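The structure appears right after this line, and notes come after that.
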Amino acid sequence: MALLSKYSVIESNDLAELQEMITDFSGPVRLKINQKGAEVAANMAVAMVGEQPVLHGTFGAARVDWHSDGECDDTMLLFAPTAGGGEITHLGQTWGLSTNTGMMRDLGLEATAYQEQFHSFVLPISKDKIREHARNLGGDHLGLVPVEFDPVADFSTTGGKMLKQYLNFIASSLNDGVLDQGNALMTSQICDLLMTQVLTQMKNNVQDMLTGQNVAHVVPRYVKRAQDYIHSNPAEALDMNTLSQIAGCSYRTLQRGFAEAFDQTPHQYIRKVRLQFVRRELLDIDNKLSIMAIARKWGFGHMGRFAQEYAQEFGHRPTETTR
């Protein structure tokens, strides 16, 4: 369901005007019509649900190619297509866009795409706010590491369908004027549920910790102390005796606590946290270090084992992240 015309901020057949509007919204972008004699028929609608923008837009029937170098480090855009298709290359991956497959675009990183007869919801997501929401849902330790999403947004899954249905519900409520009543509590709850669905239904590095049944139980205080210390000091060489002292329990109790809460040992947990920091550095466009140097910086001395663990955690090898 598209947003009604009362929310439209631009209706234009002018490519330059459209490019300027998108640049103001998401950073510099270059647009090109890749179809002889065609022109854009853009319609962009923006509504506010509390402090959360919700957009729905299209470039029209023409094929439009676009490229962005990525200059907005604090925001992501979730695209949930409602019609048409296209293709995008982002974060070292290339995939097709359709009503079943969208994208989570990091505005701080380069992206190239084409779109044809493409209509989509667009949800701007503050990296700081989604990180804070993860912390509120799962505990302080989840606020210590940035939330990193898989760029391919799968709306064919049960969770993906649920999120898209919720976006349609929000659009319907906006169109019907239900959200015009100035009920701050209601809009706050709608926004909270929207962010919760994004975190739990779109693939990311904290999803399992938020949705796993074994983590739904209260984490023992001694496990949380060890957990918080690991996230605050990820590069520190920690032996289990030291970590047990920090946790205030025996080594065996700490092992059992991590196994019950996270289905892994403290040592495995530490390595997973460090892998997140390795990936963060590999994705940094300003990084000048080699993969080996970064891996060793975070305590991975055996490169073959490191590459294997990295691939198990993220689904691809470190060299693919840096492409």
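State whether the residues of the range 158-166 include one that is part of a helix (DSSP H, G or I), under 16 Å from the mean Cα position of the chain (by Cα), not small (Gly, Ala, Ser) and not assigned by TED's automatic domain parsing to the domain that holds Arg271.
Yes, the conditions are met somewhere in the range 158-166.
Give the range 89-120 a look and list any residue that's among the β-branched types (Val, Ile, Thr) and either in contact with a Lys or Arg (Cβ under 8 Å, 6 or more places away or on another chain) or in a loop (DSSP other than H, G, I, E, B) (or both), or say none.
The answer is Thr99, and nothing else.
Taking the residues in the range 55-75 that are crowded, with 16+ Cβ neighbours inside 10 Å and in a loop (DSSP other than H, G, I, E, B) as candidates, determine which candidate is farthest from the chain's Cα centre (by Cα).
Among residues in the range 55-75 that are crowded, with 16+ Cβ neighbours inside 10 Å and in a loop (DSSP other than H, G, I, E, B), the one farthest from the chain's Cα centre (by Cα) is Ala62.
For the range 173-191, what are the residues that are surrounded by 14 or more Cβ atoms within 10 Å (Cβ to Cβ) and not aliphatic (A, V, I, L, M)?
Those that are surrounded by 14 or more Cβ atoms within 10 Å (Cβ to Cβ) and not aliphatic (A, V, I, L, M): Ser173, Asn175, Thr187, Ser188, Cys191.
Can you list the helices (runs of 4 or more DSSP H) found entirely within the range 238-323 that contain at least 3 residues being among the aliphatic types (A, V, I, L, M)?
240-247, 251-262, 266-283, 291-297, 303-314
How many residues are among the β-branched types (Val, Ile, Thr), under 30 Å from His231 (Cβ atoms) and at pLDDT 95 or above when one looks only at the range 96-140?
Qualifying residue count, the range 96-140: 1.
Can you name the residue in the range 58-90 that is among the small types (Gly, Ala, Ser) and in contact with a Leu (Cβ under 9 Å, 6 or more places away or on another chain) and, of all such residues, is nearest to Gly102 (Cα to Cα)?
Ala80
Which ones in the range 155-207 are of a type in the set (A, V, I, L, M), touching a residue at least 40 places away in the same chain (Cβ under 8 Å) and touching a Leu at 6+ places or on another chain (Cβ under 8 Å)?
Leu167, Ile170, Ala171, Leu174, Ile190, Leu194, Val198, Leu199, Met202, Val206, listed by residue number.
Report, by residue number, each residue of the range 76-100 that is within 27 Å of Arg280 (Cα to Cα) and either free of Cβ contacts under 8 Å to residues at least 24 places away in the same chain or surrounded by 19 or more Cβ atoms within 10 Å (Cβ to Cβ) (or both).
Met76, Leu77, Leu78, Phe79, Ala80, Ile88, His90, Leu91, Thr94, Gly96, Leu97
Condition (residue is more than 28 Å from Pro266 (Cβ to Cβ), surrounded by 14 or more Cβ atoms within 10 Å (Cβ to Cβ) and of a type in the set (Phe, Trp, Tyr)) applied to the range 146-156: is it met by at least one residue?
Yes.
Do you know which residues across the range 29-58 are more than 22 Å from Ala80 (Cβ to Cβ) and at pLDDT below 90?
Asn34, Gln35, Lys36, Gly37, Ala38, Glu39
Residues of the range 1-27 being modelled with pLDDT of 90 or more and either surrounded by 18 or more Cβ atoms within 10 Å (Cβ to Cβ) or within 30 Å of Asp192 (Cα to Cα) (or both), which ones?
None - no residue of the range 1-27 is modelled with pLDDT of 90 or more and either surrounded by 18 or more Cβ atoms within 10 Å (Cβ to Cβ) or within 30 Å of Asp192 (Cα to Cα) (or both), so the list stays empty.
Across the range 28-54, which residue is surrounded by the most Cβ atoms within 10 Å (Cβ to Cβ) among those that are more than 24 Å from Ala184 (Cα to Cα) and of a type in the set (Gly, Ala, Ser)?
It comes out as Ala42.
Can you tell me which condition Arg305 does not meet? The list is (1) farther than 20 Å from Ala134 by Cβ; (2) of a type in the set (D, E, K, R); (3) in contact with a helix residue (DSSP H, G or I) (Cβ under 6 Å, 6 or more places away or on another chain), and all the others hold.
Result: Arg305 passes all but (3).
Of the conditions (1) modelled with pLDDT under 90; (2) within 21 Å of Val219 (Cβ to Cβ); (3) surrounded by fewer than 17 Cβ atoms within 10 Å (Cβ to Cβ), Glu320 satisfies every one except a single condition; which number is it?
It is condition (2) that Glu320 fails.
Can you tell me which of Ser126, Ser120 is among the small types (Gly, Ala, Ser), touching a residue at least 12 places away in the same chain (Cβ under 8 Å), touching a Ser or Thr at 6+ places or on another chain (Cβ under 9 Å) and farther than 22 Å from Asp73 by Cα?
Working: Ser126 fails: farther than 22 Å from Asp73 by Cα.
Of Ser126, Ser120, the one residue that is among the small types (Gly, Ala, Ser), touching a residue at least 12 places away in the same chain (Cβ under 8 Å), touching a Ser or Thr at 6+ places or on another chain (Cβ under 9 Å) and farther than 22 Å from Asp73 by Cα is Ser120.
The values are calculated or read from the model by the stated rules, or taken from the named source; none is laboratory data. Please read all numbers here as calculations on a predicted model, not as lab measurements. A quick note on method: Cβ atoms are made from the backbone with ideal geometry, for glycine too, and the neighbour counts reach across all protein chains shown.
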